[in-house]
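Readers should treat all values here as calculations from the given coordinates under stated rules, not as data from a laboratory. Since this is a predicted model, take the numbers as computed values, not measurements. Glycine gets a Cβ as well: all are built from the backbone with ideal geometry, and neighbour counts include every protein chain shown.
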Amino acid sequence: MDDVEVSDGDSPYTVEKAPLRNPDLTPLSLNVGELLSLYGWYLLFGTLLVYLLLQYLSRRRSSQRSPPPPTPQDSALVARRQEAMEAARMKMQEELDAKASIFREKQKQQEEEKRRQKIEIWDSMQQGKSYRGTATPSQPPAEASSSAAARPKPDKKPLRSADYSPLSGQEGGSCTFRPGRRGPSAGG
């Protein structure tokens, strides 16, 4: 109450107030401006970080809430889905088993064919015939020799001429080896 004076002038109830010491807020605005110019980017990034942290925590809290209890409709749907998956698995397994049995049959036939060919080769060797003549038992030997002669051989051109030598440094070579100079360098 030091700032208030009571005077006994014309009216007994008049109260005079002291003038304000700092009517404008210039020093305060200068301090705030200086604070923002020094730490503005830090304040901006800090505020942004706090905002993102709050968003993350609110999402996490909402996701942690317990899901609603399963309904009978959901359990029936899950059961149907599992039955469908089991049926698809069974179908795929049956297809795989069928392919495996076909593969096994082919393997047995190939083994039987190889065994039969080996027996034929052994018999032909016992009779004194050559091994190569019976390598293809499905064709008679006369047909095998005629089919080889029937194929014309293509005329092959040589890739390089006969007198080409890569070490000679001639005949179409654009790069030649030149050894470097011996002795001290002229630069110094």
Can you work out the Karplus-derived ³J(HN,Hα) for every residue in the stretch 93-102? Use 6.51 cos²θ - 1.76 cosθ + 1.60 with θ = phi - 60°, whole Hz, and x for glycine or proline. 5, 5, 4, 5, 5, 5, 5, 5, 5, 5
Return the sequence-ordered ³J(HN,Hα) values of the stretch 109-116 in whole Hz as given by the Karplus equation 6.51 cos²θ - 1.76 cosθ + 1.60 applied to θ = phi - 60°, using x for Gly and Pro. 5, 5, 5, 5, 5, 5, 5, 5
Roughly how many nanometres apart are two label points built 7 Å out from the Cα toward the Cβ at S165 and R60? 8.2 nm
